[in-house]
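The values are calculated or read from the model by the stated rules, or taken from the named source; none is laboratory data. Remember, it's a predicted structure, so these values are computed and weren't measured experimentally. When we count neighbours, we look across all protein chains shown, and the Cβ atoms used for this are built from the backbone with ideal geometry, even at glycine. These accessible areas exclude ligands, DNA and RNA; they are computed on the full protein's heavy atoms, side chains included. Shrake-Rupley method; radii C 1.70, N 1.55, O 1.52, S 1.80 Å.
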Amino acid sequence: MSDTDESGVEGRVYSPADEHAFDDEKLNKVLEFVENDPEIQAYLDAQNVNAVTRKGYNDHGAKHISIVCHRALCLYDLLKRAGIDFNGARDHGLDEEDEAVIIALAATLHDIGHIVHRDDHSYYSIPLASDELDRILPEFYNKPDCVRMKGEVLHAILCHHTAEQPLTREAGVVRVADALDMESGRSRIPYEKGGRGINTLSSQAIKNVSLQEGDEYPVLVEIEMTSAAGVYQVDNLLKAKLRDSMLEDLVRIVAIKSGSETDDLVERIEL
């Protein structure tokens, strides 16, 4: 996988032009449709009003959605490269290429419930995403498959931030990818407004997050921190979302403290 961002960090950007370990033709068409749809883009912009403007939380708008979608697809690519089996599309008799579409649509629509309220937003996301899927899916699927795809996307959305346990690996990928958006830029707005809670301070300590092939595990998530405050993001957020995600035996997390002459290993989590 050659998907890297402009800084050369691995596993951060999904590039449709690159080669992947899965059939990406339908996915790329769906992504193009979504990126050019004014209604969806309006949702992504409006999501930040309740989350950031009114509640002072970190970013949940278009930038967050872009990061989650990119990292979800990079995570999926690494897992497919390792030969990991996915069950969401398969259980419905859908095609293997539909796995990536489920992941991308769920990652794109998982936070639109914020336009109703930040609290319990994942539940509000369900009816709003359902309406959007009724517009998107018929462009690519027949009616019976629209129903099946819709159910899988909504399942992944519901399980991204709630006590509901993912029942598919597609849903697990979205859940984990949501927590992979933890770098300092995401906490910029609440920090500049004076927010000094543990969420904001720990986010400020995260410098880089990369995804790459692991030696003993299919995926290695390497997190570079400028201070030990970043451990909160790793332990309380990412580790919590990895648990019971159907990916816990496939992903290894390593957090490294930088900024000194020698990097000190802060925490090595193997699940």
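Residues in segment 219-255 that are at pLDDT below 85 and within 16 Å of the chain's Cα centre (by Cα): 3 in all. When residues in segment 77-100 are screened for being under 14 Å from Thr168 (Cα atoms), among the aliphatic types (A, V, I, L, M) and either within 17 Å of the chain's Cα centre (by Cα) or loosely packed, with under 15 Cβ neighbours inside 10 Å (or both), 2 of them pass. The listed residues are Cys69, Cys74, and the only one of them that is within 17 Å of the chain's Cα centre (by Cα), touching a residue at least 24 places away in the same chain (Cβ under 8 Å), open to solvent by 10 Å² or more (accessible area, probe 1.4 Å) and at negative phi turns out to be Cys69.
Would you mind stating whether Ile206 is buried (at least 20 other Cβ atoms within 10 Å of the Cβ) and farther than 23 Å from Leu167 by Cα? Reasoning before the result, please.
Numbers: buried (at least 20 other Cβ atoms within 10 Å of the Cβ): yes; farther than 23 Å from Leu167 by Cα: yes.
Answer is yes for this residue.
Give the residue that is surrounded by the fewest Cβ atoms within 10 Å (Cβ to Cβ), with candidates limited to residues of segment 147-159 that are without any contact (Cβ under 8 Å) to a residue 60 or more places away in the chain and within 17 Å of the chain's Cα centre (by Cα). Out of the qualifying residues, it is Leu158. Determine whether segment 21-37 contains at least one residue that is open to solvent by less than 10 Å² (accessible area, probe 1.4 Å) and more than 23 Å from Ala179 (Cα to Cα). Yes, that holds for at least one residue. If you go through segment 113-143 and keep only what is without any contact (Cβ under 8 Å) to a residue 40 or more places away in the chain and touching a His at 6+ places or on another chain (Cβ under 9 Å), you end up with Gly113, Tyr124, Ser125, Ala129. In segment 15-33, the residues that are under 14 Å from Tyr76 (Cα atoms) reach residues that are open to solvent by 60 Å² or more (accessible area, probe 1.4 Å) and not in a loop (DSSP other than H, G, I, E, B) with C-beta atoms within less than 7 angstrom, at least six apart or across chains, in these pairs: Ala21/Arg81. The C-beta contact set for segment 251-262 (first residue surrounded by fewer than 17 Cβ atoms within 10 Å (Cβ to Cβ), second residue acidic (Asp, Glu) and at pLDDT 80 or above, distance under 6 angstrom, 6+ apart or interchain) comprises Ser258/Glu224. For segment 38-135, which helices (runs of 4 or more DSSP H) that fit wholly inside it have 1 or more residues that are more than 19 Å from His155 (Cα to Cα)? Once the helices (runs of 4 or more DSSP H) in segment 38-135 are filtered for at least 1 residues that are more than 19 Å from His155 (Cα to Cα), what remains is 38-48, 62-81.
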